[in-house]
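Asks: Just passing along the structure, written as structure tokens.
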Amino acid sequence: MAEIHSEIKPVSHKRKVMLGVLMLGMSLLCILMTILFLYVSSAANRQVEDIRRESREAASRREAKVDQLSQQVTVLQHKLDALPDRTAEQTVDKVKRVVIQDEPPVKK
């Protein structure tokens, strides 16, 4: 019988299959992480938008309150501006009356 001495050995595909499974698993992990990132990013964007909306509403309320207080200050300022004039006129009238009462009658 003849013996065949061949240098070619049967190739085991086990190593290549394991490497392929590892690469597939890593790809699935990357896909999963991408999906999670997009979900978290979307949720964060919604929360940021809600916060911005609430801030705009608060700023609007604050602006309305400032306008109201400005109008009240304007009204009070007009009242205060008129007050010294009236007080001065009343004081002048009282002083004139007192001076007239205290003056002796003038003889000619």
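Asks: Counting Lys +1, Arg +1, Asp -1, Glu -1, what net charge surrounds Arg46 among other residues with beta carbon under 12 Å of its beta carbon?
Replies: On the way: positive: Arg52, Arg53; negative: Glu49, Asp50.
Local charge sum for Arg46: 0.
Asks: Which FRET efficiency, nearest 0.05, do Glu63 and Thr91 yield, Cβ-Cβ r, R0 35 Å? Don't skip to the end; give the middle numbers.
Replies: Details: r = 42 Å, r/R0 = 1.21.
Efficiency at R0 = 35 Å is approximately 0.25.
Asks: Once label points are set 7 Å from the Cα along Cα→Cβ at both Leu32 and Asn45, what is their separation, rounded to one decimal in nm?
Replies: Using points 7 Å along Cα→Cβ, the separation is 2.5 nm.
Asks: Averaged across orientations, what area in nm² does the convex hull of the alpha carbons in region 12-108 project?
Replies: Working: hull surface 44.0 nm².
Here the figure is 11.0 nm², rounded to one decimal.
Read-outs throughout are calculated quantities, based only on the coordinates presented, and are distinct from any laboratory measurement. Remember, predicted model here, so these are calculated numbers, not experimental data. Quick reminder, even Gly has a Cβ in these numbers, built from the backbone with ideal geometry, and neighbours come from all protein chains shown.
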